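Structure first, commentary second.
Just so it is clear, none of the values below were taken in a lab; they were calculated from the coordinates. Not measured: the values here are computed from a predicted model. Neighbour counts run over all protein chains shown; Cβ positions are idealised from the backbone, glycine included.
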Ligand SMILES: C[S@@+](CC[C@H](N)C(=O)[O-])C[C@H]1O[C@@H](n2cnc3c(N)ncnc32)[C@H](O)[C@@H]1O
């Protein structure tokens, strides 16, 4: 993989204020994908393709289907993926993940799109996650606001952070998933879908 092109994709994203995964969070995800031998990934929120490209860097066996709503970012992602010669392994869909439908099964679903809709997205895509597979949810710490909402000034933001906190509580207590909070980057939740043969509890 051409690391100079990848660095340029990252530099340009940061310069254009495109939100991309933080370095620590990415290091964790890359290690996680490698350790768990994850191959087929669904990503919600492509932005300009940076995380998808980095995930594919783990192994030749990794392939990604990624959904991005914003047309300009979608175009930029397609361009970046082509520049990295990964068009055979990363497919980007320009659409709304809250409406998209697929029958495909995935080893991991990376939720990095509309933060206030994580619960809805999880409900929508849980049928596409194989037993023993993982939801990975980025930005759950949300700059510390989820733990400490006091400094939030706008009502809209307060409502969103409340929704994120409720989602995290519900997921932590959902017996169908074994959920771990990873304190890295801006916080990542890893929820493993239990299979029927797992012990409950
Ligand atoms: C945090 S960025 C994704 C960053 C990317 N995963 C990375 O680390 O390189 C979130 C993206 O989700 C997109 N998004 C927001 N709502 C969406 C929706 N309903 N469907 C698909 N994409 C959405 C935004 O346009 C934005 O580009």
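For the chain, the relative contact order comes to 19 percent (Cα pairs under 8 Å, sequence separation of at least 6).
Distance between Cα centroids, the stretch 107-181 to the stretch 12-37: provide it in whole Å. Taking the Cα centre of each part, the stretch 107-181 and the stretch 12-37 sit 17 Å apart. Kirkwood hydrodynamic radius of the stretch 1-61, from the reciprocal of the average inverse Cα-Cα distance over all distinct pairs: 12.2 Å. Taking the helices alone, the chain has a mean residue ellipticity at 222 nm of -11000 deg cm²/dmol, built from -39,500 (n - 2.57) per DSSP H run of at least 4 residues and averaged over all its residues. Averaging 1/r across all pairs of distinct Cα atoms in the chain and inverting the result yields a Kirkwood radius of 17.3 Å. In plain terms, the chain from residue 23 to residue 60 could stretch by 11.1 nm, reckoned as 0.36 nm per residue minus the Cα-Cα distance. When each of the peptides 27-38, 155-166, 70-81 is scored by the mean number of other C-beta atoms lying within 10 Å of its residues, the order from highest to lowest reads 70-81, 27-38, 155-166. By the Stokes-Einstein formula, at 0.890 mPa s and 25 °C, the stretch 139-201 with its Kirkwood radius over alpha-carbon pairs has D equal to 190 µm²/s.
Using the 10 angstrom Cβ neighbour count as an exposure proxy, how do 147, 139 rank, fewest first? Display every interim value, and only then the final one.
On the way: 147 11, 139 22.
Listed from fewest to most nearby Cβ atoms, that is 147, 139.
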